[in-house]
Every structure is written in C-alpha cells, then in structure tokens.
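Encoded as structure tokens, the structure appears first; notes follow it.
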Amino acid sequence: MQPKDEMSIKLDIATLMLEQEPKDFYVGISHDAVERLTEGHGVDLQRDAYVCAEALSADEARNVEAHFVNVEGTAGGTGGGDDATTQVYAYRMTPSTRQ
C-alpha cells in the first residue's frame with residue numbers, strides 16, 4: 001500500500017460511509033489491515049464494503065481511528081497498536097462479520 005496522509009484516509013472512509021449510519025461501520029488500526037479484516041473480523045473482501053490504507057505514521061493512524069470512533073460514532077476502540085501500527089481499516093458491519 002502506498003502511504004496516505006490523515007485527511008486522505010478520512011476522506012476514503014467518509015466516502016465508504018456516504019449516506020449510511022456511522023454506527024453500522026467499524027474502524028480500527030493494525031499492523032496488517034487485510035489480515036485483521038479477514039481473519040479478525042470475518043470480512044469477505046469480494047463481497048463486503050471496506051477500506052484499508054497505510055498512514056504516514058502511527059500517530060496519524062490513531063488520529064483517524066479516534067476521529068471515527070469518538071466523533072463520528074463508528075464501532076471500534078482507541079488505544080490499541082504500537083508505534084509501528086500504521087494501517088487503518090474500516091468496514092460495514094453485516095450479520096456475517098465480527099466486531
């Protein structure tokens with residue numbers, strides 16, 4: 001993944017959520033967003049709506065996550081990851097996905 005700045009990632013996630021309820025989405029950070037989406041949350045990459053992106057830094061990744069969880073009202077939690085956690089992911093929760 002090509003790294004993106006914080007605002008670009010926020011725009012990607014906002015576009016994913018366009019005209020839908022934020023509470024229907026989960027936003028998180030991970031060292032490996034695709035693995036976390038598929039193995040951790042049960043997201044089907046062929047069927048489910050999702051976004052994953054590489055942030056420029058762990059701080060920017062955490063800022064994106066905190067914005068969507070604390071301000072927009074998506075599912076997810078803040079405070080995870082470490083200084084190397086730079087990937088952000090978001091997906092629309094469905095009956096077949098897991099939080």
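The values are calculated or read from the model by the stated rules, or taken from the named source; none is laboratory data. Remember, predicted model here, so these are calculated numbers, not experimental data. Ideal geometry is used to build each Cβ from the backbone, glycine not excepted, and the neighbour counts take in all protein chains shown. Surface areas here come from the heavy atoms of the whole protein model, side chains and all, with no ligands, DNA or RNA. Shrake-Rupley method; radii C 1.70, N 1.55, O 1.52, S 1.80 Å.
Working note: 222 nm ellipticity from helices only, DSSP H runs with n ≥ 4, each -39,500 (n - 2.57), summed and divided by the residues of the chain, gives -6000 deg cm²/dmol to the nearest 500.
Largest first, the three principal axis extents of the alpha carbons in the chain are 33, 26, 24 Å in whole numbers.
Summing charges over all other residues whose Cβ lies under 10 Å from the Cβ of Ala58, with Lys and Arg as +1 and Asp and Glu as -1, gives -3. Accessible area per residue was computed with a 1.4 Å probe on protein heavy atoms; His41 scores about 0 Å². Residue by residue, the range 83-94 carries 3J(HN,Hα) couplings of 5, 9, 8, 10, 9, 10, 9, 8, 8, 7, 6, 9 Hz when phi is fed to the Karplus relation 6.51 cos²θ - 1.76 cosθ + 1.60 (θ = phi - 60°); x denotes Gly or Pro. Looking at the range 11-99 alone, DSSP beta bridges between its own residues are antiparallel in about 90 percent of cases.
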